[in-house]
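All remarks here apply to the structure that follows.
The values are calculated or read from the model by the stated rules, or taken from the named source; none is laboratory data. Remember, predicted model here, so these are calculated numbers, not experimental data. Reconstructed Cβ throughout: ideal geometry from the backbone, glycine too, with neighbour counts over all protein chains shown. Calculation scope for accessible area: heavy atoms of the full protein, side chains included, ligands and nucleic acids excluded. Shrake-Rupley method; radii C 1.70, N 1.55, O 1.52, S 1.80 Å.
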Protein chains: 4
Amino acid sequence: MEMKMDQAALQAFLDRDFPQVAGMFAFVEVAPPVVSMALIASDQHLRPGGTVSGPSMFGLADVCAYFCILSVLGPVGLAVTTNCSIDFMRKPPPGRLICRMELLKLGRALAVCEGRIFSEGAQDKPVARASLTYSIPPTG
Amino acid sequence: MEMKMDQAALQAFLDRDFPQVAGMFAFVEVAPPVVSMALIASDQHLRPGGTVSGPSMFGLADVCAYFCILSVLGPVGLAVTTNCSIDFMRKPPPGRLICRMELLKLGRALAVCEGRIFSEGAQDKPVARASLTYSIPPTG
Amino acid sequence: MEMKMDQAALQAFLDRDFPQVAGMFAFVEVAPPVVSMALIASDQHLRPGGTVSGPSMFGLADVCAYFCILSVLGPVGLAVTTNCSIDFMRKPPPGRLICRMELLKLGRALAVCEGRIFSEGAQDKPVARASLTYSIPPTG
Amino acid sequence: MEMKMDQAALQAFLDRDFPQVAGMFAFVEVAPPVVSMALIASDQHLRPGGTVSGPSMFGLADVCAYFCILSVLGPVGLAVTTNCSIDFMRKPPPGRLICRMELLKLGRALAVCEGRIFSEGAQDKPVARASLTYSIPPTG
């Protein structure tokens, strides 16, 4: 799949369109059909013991899928999540969480992504996996 | 299913064990196997236009499922979400969101819940539906 | 939601378009947005002990969602399943299985259904729950 | 993850415990934590145009996940599917379908697998993706 937005373009889009959450996420790699992002956890994302909360991991997977789609589709602001299935498999230790998301299908009306979340340096022991469907607005 | 924790007991558990999020959620009804909770949205949960974010709706479904299970299981602190499948169907208008969650199965090792999220007063037009599985720690 | 196809119309559609599986399923109730169907299990659907196989329950949920959508949408042959999330909660005892499916959203491009499968007469102890998304072909 | 059952052992288990479906599936590769299997489609799995039905693809993913778990766990007959989320992304052309399933987690009570289904020779254009959870019986 051809890249329509590189890391700088995605970062600018994130800063402009999602100012409330821009500081929570950092791009790690933009290599369509794969985009990886990190969660910059603050106290609001943590649970006792320093573990990252489920909604925070959901949010990381969701934003990473969104930018994975935009990297191939271009700056379309109206794609919306229609479905997410997420499995939490291990309790994340304190530290930086990475989501590696892959675009499996970019259709006329739907895009499907699949990815894994893991602690930095521990890609072989994912803490979660997620698949997401986005609805793509009609063009024209 | 017999009630092991009523609304006051669940509220006390929420206040004590989840102080970071206790102010975000309010109990609406505790009638096992059904528990309904409301999201008290603040700026961090909103997106442009006043719509509630996906991760906030995920968080509402997750906490509501948790307390739905506790209402029947009793005060077991170690149940953890293992899976969630959520469909976002409509964009929520500004205003209070309610999640109505039902416990479908409470097994030895797993509990399964299913519920819908809707704007207060618009139960027939759900904005999202979700099913969640929790792992129950072994007793003994 | 207004009914566009009644039980006789759905049955005729099933007989004509799905002759390979028509004998496997029977309509129980057509009351949009709810449609209920039964699985007429034969040896190929059973596992040792007389329990119905997972793929057979998936097939029952899938066909029931399809006709649930058609009951409101009318005879559109090209709707396709894009996602299904299914939880198997109890082992079905030998006997007739019913799926009760509800159409939660019929949008321009997507339809979302949610339902439960249970042994006839035991609706309060569902053996499975499922949510399905169908893609609706563009008209015009 | 260490291999506890090789391809010959899995094939013998399939032949003995699942005689109704043994002829429908063939092992392609057993390399834990990955197991790949093929669906040997007959008329009952096909839809008009020669495309493989959704329930047949679900069945392929389900059996492949089961043997993926057994390859690492050993010959435990009582693991049962508790959840499956499956996305159908493209219509499979006529021809052999392969499922490549990976075991992501083998816990005390739950195992989680994730995989893709594709037409032989077209692994980069998956027709479906699926994630499945199995419940592992307690050992005594």
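Taken over the alpha carbons of the protein assembly as shown as equal point scatterers, the Debye sum produces base-10 log I(q)/I(0) values at 0.09, 0.10 Å⁻¹ of -0.64, -0.81.
Mean partner shielding of peptide B:116-125, defined as the number of other chain Cβ atoms within 10 Å of each residue Cβ, is 1. First check a/c for the stretch D:8-140, with a ≥ b ≥ c the square roots of the eigenvalues of its C-alpha gyration tensor; if it is under 1.5, answer rounded, and if not, answer prolate when a/b is larger than b/c or oblate otherwise. Verdict is prolate for the stretch D:8-140.
Note: relative contact order over chain B, using C-alpha pairs below 8 Å and six or more positions apart, is 24 percent. With its label point put 7 Å out from Cα toward Cβ, C:Pro75 sits 4.9, 5.4, 6.3 nm from the same residue's point in the other copies, in order from shortest.
Magnitude of the charge dipole for the protein assembly as shown, about its Cα centre and with charges confined to Cβ atoms of Lys, Arg (+1) and Asp, Glu (-1), is about 0 debye.
Sort B:73-79, A:49-55 by packing, meaning the average of other beta carbons within 10 Å per residue, with the highest value first.
A:49-55, B:73-79
Averaged over the residues of peptide A:128-134, the number of Cβ atoms from other protein chains lying within 10 Å of each residue's Cβ is 5. Taking only Cα atoms, what is the 0 to 90° angle, nearest 10, from helix D:7-17's long axis to the longest principal axis of chain D? Tilt of helix D:7-17: around 90 degrees. When nucleic acids and ligands are ignored and a 1.4 Å probe is applied, A:Tyr66 ends up with an accessible area of around 20 Å².
Here's the list of lysines a cross-link from A:Lys91 could span, going by alpha-carbon distance under 26 Å and ignoring same-chain residues fewer than 8 apart: A:Lys125, B:Lys105, D:Lys105. Taking the average, over residues, of other Cβ atoms within 10 Å as the packing measure, peptides B:112-122, D:23-33 rank B:112-122, D:23-33 from highest down. Judged by a Cβ-Cβ distance under 4.7 Å, the unpaired cysteines of chain A are A:Cys68, A:Cys84, A:Cys113. Each residue of the stretch D:103-113 was assigned a 3J(HN,Hα) from its phi angle through the Karplus expression (A = 6.51, B = -1.76, C = 1.60, θ = phi - 60°), giving 7, 8, 8, 10, x, 5, 10, 9, 10, 10, 10 Hz with x at Gly and Pro.
Between identical copies, the spacing of C:Ser42 label points, each set 7 Å from Cα toward the C-beta atom, reads 1.1, 6.2, 6.3 nm from nearest to farthest.
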